[in-house]
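In what follows, a single structure is set out as structure tokens and then discussed.
Every read-out reported here was derived from the displayed coordinates using simple, explicitly stated rules and does not represent laboratory data. Every value quoted in this text rests on a predicted model; they were computed, and no experiment measured them. So basically every Cβ, Gly included, is an ideal-geometry build from the backbone, and we count neighbours across all protein chains shown.
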Amino acid sequence: MEVAPENWINIGGRYGAALKEYSEKFPFVIHGLSLSIGSPAPLDWDLLRAIKAFMTEHNIRCYSEHLSYCSDTGHLYDLMPIPFTAQAVGYVAERIGQVQDFLGHRIAMENVSYYAAPQQEMSELEFTNAVLKKADCHLLLDVNNIYVNSINHGYDPQQFLAALPGERIAYGHIAGHYDEADDLRIDTHGADVIDPVWSLLDAAYEQFGVFPTLLERDFNIPPVHELLREVQQVREYQARHQKQAEYREECAL
Ligand SMILES: [Fe+2]
């Protein structure tokens, strides 16, 4: 299960007790919303101290965040595109390093959707890979974001996926999006996952092996039994690839 720590830090009472009960029963990861790793403002150490304590309290397996920024002196509650420049690679990697040193373990950065690429010097792929390498951090692989970006910015999503460092994947996201126009998709998490995105997940498991994968759904939420069909589809993909991997291993013996 994944929760946004900002929604749960300092929540006590009935809700806090329920979260504690769940986090003792199920494996949990946290997906942050306001670290703002690319922000020109200093890192929010109060937030990081709270996150560190929250991770210990709830035995959190992984802290993931977005490779973007959402603030300067105030929060915009939106994910802004970090310029794909060498200077930004150095800046962001240094800040990820500070966070990792403070927490005592690696964090996972998510490839995000973006709708403008200001001051672009390199491709999204080059930028993402350079940050992961320089910061020595994990990747939260969002296959829907790859698909959305591939339409909006005109690249081949399968080629993009194949060029990512699979060994850095901590876990994955899959989601639906909004079809605004033939050349414009919006990453909404408000619709069913479409077939080309399922194909990307399939290709990711094939290339990198199976990894834990979370279905993101933020609104237009269907009845739970319908939603769980998509979760079931993730499980079926995972089981199939797991079986194939075991078979290949057996054959190699
Ligand atoms: Fe995501």
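To the nearest 0.05, how large is the calculated FRET efficiency for ALA163 and ALA17 if R₀ is 41 Å and r is the Cβ-Cβ distance?
0.35
Compute the distance in nm between two label points, each set 7 Å from the Cα along the Cα-to-Cβ direction, one at LEU43 and one at ARG240.
So the two model labels end up 4.1 nm from each other.
Have a look at GLY90, GLY74, GLY209 and tell me which one the Gaussian network model of the chain (Cα, springs below 10 Å) gives the largest fluctuation.
Judging by the Gaussian network model, the answer is GLY74.
Hey, fewest Cβ within 10 Å first, where do THR73, THR128, THR188, THR85 land in order?
Sorted ascending by nearby Cβ count, the order is THR73, THR85, THR188, THR128.
Using a/c under 1.5 as the rounded threshold, could you call the chain rounded, prolate or oblate? The axes a ≥ b ≥ c are square roots of the C-alpha gyration tensor eigenvalues, and prolate needs a/b larger than b/c, oblate otherwise.
rounded
What distance in nm separates the two pseudo spin-label positions at ALA203 and GLN120, each 7 Å out from Cα along the beta-carbon direction?
Distance between the two pseudo-spin positions: 1.9 nm.
Using the 10 angstrom Cβ neighbour count as an exposure proxy, how do LYS20, LYS243 rank, fewest first?
LYS243, LYS20
Within the stretch 2-252, count lysine pairs with alpha carbon atoms under 24 angstrom apart where the residues are 8 or more positions apart or belong to different chains.
Within the stretch 2-252, the lysine pair count is 4.
Which one of LEU140, LEU215, LEU19 has the biggest mean-square fluctuation once the chain is modelled by GNM with Cα springs under 10 Å?
LEU19
Sorting ILE9, ILE37, ILE146 on the 10 Å Cβ count, fewest up front, what's the list?
If I rank by nearby Cβ atoms, fewest first, I get ILE9, ILE146, ILE37.
Select from ILE174, ILE96, ILE151 the residue whose mean-square fluctuation is largest in a Gaussian network model of the chain (Cα-Cα springs shorter than 10 Å).
Between ILE174, ILE96, ILE151, it is ILE151 that shows the largest mean-square fluctuation.
Given 0.36 nm per residue, what is the gain on full extension from ASP101 to ASP156 after removing their alpha carbon distance, in nm?
Taking 0.36 nm per residue and subtracting the Cα distance, the gain is 16.2 nm.
Spin-label point model (7 Å from Cα, Cβ direction): what's the GLN232 to ASP192 distance in nm?
1.3 nm
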